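Novice: Pasting in a structure now, in structure tokens, and then I'll have a few things to ask.
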Amino acid sequence: MTSGTTTGLPAGVVARDVPAAPRRRAKRRKDRAGYLFLLPWFIGMLFTVIPFFASLYLAFTDYNLLNAPQWIGLGNFREMLDDPLLRQSLKVTFIYTFVSVPLSLVVALGVAMMLNQGIKGLPVYRAVFYLPSLLGGSVAIVLLWKYIFGFDGIVNGFLGWFGIDGPGWTTDPDYALTTLIILHIWTFGSPMVIFLAGLRQIPTMYYEAAAVDGASRWRQFRSITLPLLSPIIFFNLIQSLISSFQTFTQGFIMSGGTGGPADSTIFYNLYLYQQGFSQFHMGYASAMAWVLLVIIAAFTALNFLAAKYWVFYDN
């Protein structure tokens, strides 16, 4: 027998003893309360859905923000095939993503395992390591990074003590993107905190049993830590992958909005911004945005397909 309180009825009243009409009214009252809490989300969604479909329409038009959009069909997408700067922006974004994301996750996992050893002052260390991830995409931190890696910056000053003439890290095309990759790796705090939470959930009895059987630390890491932590690794991988493809601020501030030197830091989003708001090719920029959506969706789908081979769940 089920208590009537689960349907919003007075205690002691069984739902099946109440006529259908009062039951429906009680259900409607509960539904109204739920929709009321969801109302702010629905209102916010309107500000997203309308631009979403507007950009889809603009992707097939020639639109310069000043005149009415002119329908050109697949013209913007055909133009992309002959755009060398777009290919360069894709190259820069792919290199940045496929180098910085794995390195960032490795560093985050390593620091999380170190903090999981029960060291004193864990909350302080956790906050210190997490702070850069909150500020890594901010203008102030990118400017600070530009100063540190400047020709007369801290890094070259340190190298000078050993008689090494450091390059212009932010002005040399061979090193500019590398400095931004290092910045991304430095902001490992967010995945580190998630890794640390996952490590705390692994039962210690597994490690104790493995130690009794003579398993080394490396064997325990391979056979216990990685498999049980694989869902957390997968989550951090997807999150980092999506955010890396959307990188904009770092390249914009480091290059002054040009993507230089020699287009070495012209991220895809930065080139999209140039097309839309510097050259007023809003139709072309909208088409670029949809191509980026397809790219992110494709890599996300590939990761989900591959997950069944290396992600393990308790069930």
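Novice: Sort the chain into rounded, prolate or oblate with this rule: let a ≥ b ≥ c be the square roots of the eigenvalues of the Cα gyration tensor; rounded if a/c is under 1.5, and if a/c is not under 1.5, prolate when a/b is larger than b/c, oblate otherwise.
Specialist: On the way: a/c = 2.30, a/b = 1.18, b/c = 1.95.
Judged from the Cα gyration tensor, the chain comes out oblate (a/c at least 1.5, b/c at or above a/b).
Novice: Using only helices, what value at 222 nm comes out for the chain when you add -39,500 (n - 2.57) per DSSP H run of length 4 or more and divide by the total residues, to the nearest 500 deg cm²/dmol? Intermediate results must be reported in sequence, preceding the final value.
Specialist: On the way: 14 runs with 207 residues, N = 315.
Using -39500 (n - 2.57) per qualifying helix, the result is -21500 deg cm²/dmol.
Novice: Suppose we keep just the alpha-carbon trace of the range 42-175; what are its Rg and Dmax in angstrom?
Specialist: Expressed in Å, the Cα Rg and Dmax of the range 42-175 come to 22.8, 65.
Novice: Local charge sum around residue 85 (other residues, Cβ-Cβ under 13 Å, Lys/Arg +1, Asp/Glu -1)? Walk me through the numbers on the way to the answer.
Specialist: Working: positive: 87, 91; negative: 79, 82, 83, 263.
Its environment carries a net charge of -2.
Novice: How would 179, 93, 171 line up from fewest to most surrounding beta-carbon atoms within 10 angstrom?
Specialist: Details: 179 20, 93 23, 171 17.
Fewest-to-most ranking of 179, 93, 171: 171, 179, 93.
Novice: To continue, here is another question. 7 Å from Cα along Cα→Cβ at both residue 27 and residue 54: what's the point-to-point distance in nm?
Specialist: Taking the simple label geometry, residue 27 and residue 54 are separated by 4.0 nm.
Novice: Here is a further query. Once both labels are modelled 7 Å past Cα along the beta-carbon direction, what's the residue 94-residue 205 spacing in nm?
Specialist: 4.9
Novice: Under a 10 Å cutoff between Cα atoms, tell me which one of 144, 159, 58 has the largest fluctuation in the Gaussian network model of the chain.
Specialist: Top of the fluctuation ranking is 159.
Novice: Right, here's the next one. Between residue 243 and residue 258, with labels modelled 7 Å along Cα→Cβ, what's the label distance in nm to one decimal, could you check?
Specialist: 3.0
Novice: Rank these for me by crowding, 247, 48, going from fewest to most other beta carbons within 10 Å. Could you put the intermediate results ahead of the total?
Specialist: Working: 247 22, 48 8.
Lowest count first: 48, 247.
Novice: Based on other C-beta atoms within 10 Å, arrange 185, 95 from fewest to most. All intermediate terms of the calculation are to be shown ahead of the outcome.
Specialist: Details: 185 19, 95 14.
The fewest-first ordering by Cβ neighbours comes to 95, 185.
Novice: Can you list residues whose amide H is under 5 Å from residue 62's amide H, if they're 5+ apart or on another chain and H is modeled 1.01 Å from N?
Specialist: 70, 71, 72
Novice: Decide, for the range 234-307, between rounded, prolate and oblate: order the square roots of the alpha carbon gyration tensor eigenvalues as a ≥ b ≥ c, take rounded if a/c falls under 1.5, and otherwise choose prolate if a/b is larger than b/c, else oblate. Can you show the working numbers first?
Specialist: Details: a/c = 3.22, a/b = 1.64, b/c = 1.97.
Oblate, since a/c reaches 1.5 and b/c is not below a/b.
Novice: Residues of the range 171-185 with the amide nitrogen closer than 13 Å to a label point 7 Å from the Cα of residue 151, along Cα-to-Cβ, please.
Specialist: Flagged as within label range: 171-173.
None of the figures in this text is laboratory data; all of them are computed from the coordinates on show. Computed from a predicted structure; not experimentally measured. For neighbour counting, all protein chains shown are included, and Cβ atoms are generated from backbone atoms with ideal geometry for every residue, glycine included.
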